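Down below is the structure, laid out as structure tokens.
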Amino acid sequence: MDFKLTEEHLMIQQAARDFAQAELLQGVIERDEKQIFPAEQIKKMGELGFMGMMVDPKYGGSGLDTVSYVLAMEEISKIDASASVVMSVNNSLVCWGLQAFGSEEQKQKYLTRLATGEIIGAFCLSEPEAGSDATSQKTSAIDMGDHYLVNGTKNWITNGSTADVYLVIAQTHADKKHKGINALILEKGMPGFEIGPKEQKLGIRGSDTHSLMFNDVKVPKENRIGEDGFGFKFAMKTLAGGRIGIASQALGIAAGAYELALKYSKERKAFGTEICNHQAIAFKLADMHVAIEAARHLCLKAAWDKDNGNNYDISGAMAKLFASQTAMDTTIEAVQIHGGNGYVKEYHVERLMRDAKITQIYEGTSEIQKIVISRAIIAQ
Ligand code: CAA
Ligand code: FAD
């Protein structure tokens, strides 16, 4: 067993760290306050190869492994979790889904531009009445011979208005339940495709979340991903990798808050000494450090499983469950260590605390991760 990162891994980690400090830190408070999408920053992330990290270079990607992706996600998320959710959706749901299951034509037409960040993508599974219970899809894709007619509503779609390409999960053969579901590629501007108003959110406020409405949208048959009825498997297999991305986002949020709290505790004095010398504060730092290290190991193990052809459904779910709890616990304590300063925007930790919460909700709530994990261990 080797816990040492390779030279290449360390280079990617440093490049992401430098980029986050140089390009994301500035303006992050204003983007959060005014819900501004980090458009310029995402463009630069594309130019640096962060938007299609695991995509084969022949489709414009960086051809890197999942470990590299985890390292980069952690660094970007330490500074700006809104930018990192855009990165995560584009990399692990949209690009990976198309690379793994798309046709050659779909890869040439869409993946090549998604992987370079020229355009970004969205992954559309959730509906008003189908969130955790994802097999209950109501959006319909009626087979009309050479095309599908899509009707319905998707909720909570990240990159909802900024994406150009949308992977939409819809029911074609309701009698077959989840085995009748398809995954279709929709493009912005297709007649009948409407984008609802932007959601006003607690955290990741720079990211762009919308409902989408489909009213008789004509989608060519060649835009179906995989065989007829493969859509639910597509969503589950894709989400298994997506959960590694969100686990790494949670890890980054926790690590960012911890680094700020550690620094602050060495500078702030109370009762004649730096507050880190009070054992109550020192023990909080110890707990944060241990939990973050454990979360990092779970994230890297899940990535290693994926890179080595092992099953990563369970290791990814474990990483997401634990890292998101760590993000919540750590950010709350980071605010506490900052005292009153923790409660105001300029010290960043209040934002990280608000951003942390979503990691326990999207790409499968913590309860759903426990369903996935418990089913697997009971079946053993
Ligand atoms: N890989 C392949 N197939 C899988 C799978 C996996 N990881 N997990 C489940 N399946 C298959 C099952 O094998 C089954 O197919 P068969 O009948 O052919 O065997 C089918 O999917 C249905 O599975 P279950 O019987 O287990 O279905 P269920 O309804 O009991 O539970 C669930 C499924 C795991 C709870 C699932 O509905 C789920 O993951 N829900 C959470 C939804 C979610 O994560 N949404 C995220 C939206 S995207 C997002 O959030 C992005 C963002 O914010 C940034
Ligand atoms: P529900 O499913 O209604 O769950 C409500 C509560 O009940 C939760 O605590 C849940 O854990 C619990 N619960 C439900 N079923 C069970 C059970 N069987 N056992 C125990 N507890 C259970 N979706 C997309 O498709 N694409 C996106 O890009 C996307 N981005 C998002 C961005 C944001 C900011 C948000 C808030 C959501 C996003 N989502 C996206 C949707 C997200 O994946 C769902 O919100 C999530 O899966 C939960 O679904 P729900 O909101 O319908 O909650």
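Filter segment 78-113 down to the residues that are more than 19 Å from Ala235 (Cβ to Cβ) and within 16 Å of ligand 2 (Cβ to nearest atom) and list them by number. Answer for segment 78-113, where residues must be more than 19 Å from Ala235 (Cβ to Cβ) and within 16 Å of ligand 2 (Cβ to nearest atom): Asp80, Ala81, Ser82, Ala83, Ser84, Val86, Met87.
Each residue in segment 347-356 was checked for being over 18 Å from Cys299 (Cα atoms) and within 13 Å of ligand 2 (Cβ to nearest atom), and 2 pass.
Residues that are within 24 Å of Ser265 (Cα to Cα) and within 16 Å of ligand 1 (Cβ to nearest atom): which helices (runs of 4 or more DSSP H) entirely in segment 282-380 hold 1 or more of them? Explain how you work it out, then say what you get.
On the way: elements: 313-337, 349-358, 366-379.
Per the criteria, 313-337, 349-358.
In segment 306-321, the residues that are in the same structural domain as Ile368 (by the TED database) form Cβ pairs under 6 Å with partners that are outside any helix (DSSP H, G or I) and surrounded by fewer than 24 Cβ atoms within 10 Å (Cβ to Cβ), at six or more places apart or across chains, as follows: Lys306/Tyr312; Asp307/Asp65. Apart from one condition, Thr162 fits all of (1) within 12 Å of ligand 2 (Cβ to nearest atom); (2) out of contact with any Phe, Trp or Tyr (no Cβ under 9 Å at 6 or more places or on another chain); (3) part of a loop (DSSP other than H, G, I, E, B); (4) not hydrophobic (A, V, I, L, M, F, W, C); the exception is (2). Taken residue by residue, segment 205-213 has at least one member that is away from ligand 1 (no atom under 15 Å from the Cβ) and either outside the structural domain of Thr116 (by the TED database) or at positive phi (or both). Residues in segment 128-161 that are of a type in the set (D, E, K, R), away from ligand 1 (no atom under 15 Å from the Cβ) and surrounded by fewer than 14 Cβ atoms within 10 Å (Cβ to Cβ): 1 in all.
Checking the stated criteria, Ala255 turns out to be more than 15 Å from ligand 1 (Cβ to nearest atom) and assigned to a helix (DSSP H, G or I).
The single condition among (1) within 15 Å of ligand 2 (Cβ to nearest atom); (2) surrounded by 15 or more Cβ atoms within 10 Å (Cβ to Cβ); (3) of a type in the set (Val, Ile, Thr); (4) farther than 18 Å from Ile292 by Cβ that Thr359 does not meet is (4).
Table: residues versus (1) of a type in the set (Val, Ile, Thr); (2) more than 15 Å from ligand 2 (Cβ to nearest atom); (3) modelled with pLDDT of 95 or more; (4) within 19 Å of Ser140 (Cβ to Cβ).
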site: Phe214; (1), (2), (3), (4): no, no, yes, yes
site: Arg224; (1), (2), (3), (4): no, yes, yes, yes
site: Phe232; (1), (2), (3), (4): no, no, yes, yes
site: Gly242; (1), (2), (3), (4): no, no, yes, no
site: Ala250; (1), (2), (3), (4): no, no, yes, no
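Look at Ser103 and say whether it is among the polar types (S, T, N, Q) and buried (at least 16 other Cβ atoms within 10 Å of the Cβ). Spelling it out, it is not the case that Ser103 is among the polar types (S, T, N, Q) and buried (at least 16 other Cβ atoms within 10 Å of the Cβ).
Which of the residues belonging to segment 101-121 are touching a residue at least 60 places away in the same chain (Cβ under 8 Å) and either among the acidic types (Asp, Glu) or within 13 Å of Leu186 (Cα to Cα) (or both)? Reasoning before the result, please.
Filtering segment 101-121 for residues touching a residue at least 60 places away in the same chain (Cβ under 8 Å) gives 101-103, 105-106, 110, 114-118, 120.
Glu105, Gln106, Tyr110, Glu118, Ile120, listed by residue number.
The single residue among Asp313, Asp305 that is at pLDDT 95 or above, in contact with a Lys or Arg (Cβ under 9 Å, 6 or more places away or on another chain), away from ligand 2 (no atom under 15 Å from the Cβ) and among the acidic types (Asp, Glu) turns out to be Asp313. Within the option set Gly192, Gly229, Gly242, being within 14 Å of ligand 1 (Cβ to nearest atom) and at positive phi holds for one residue only, Gly229.
The values are calculated or read from the model by the stated rules, or taken from the named source; none is laboratory data. Computed from a predicted model, the values in this text were never measured in an experiment. Using ideal geometry, Cβ is built from the backbone for each residue, glycine included, and neighbour counts are taken over all protein chains shown.
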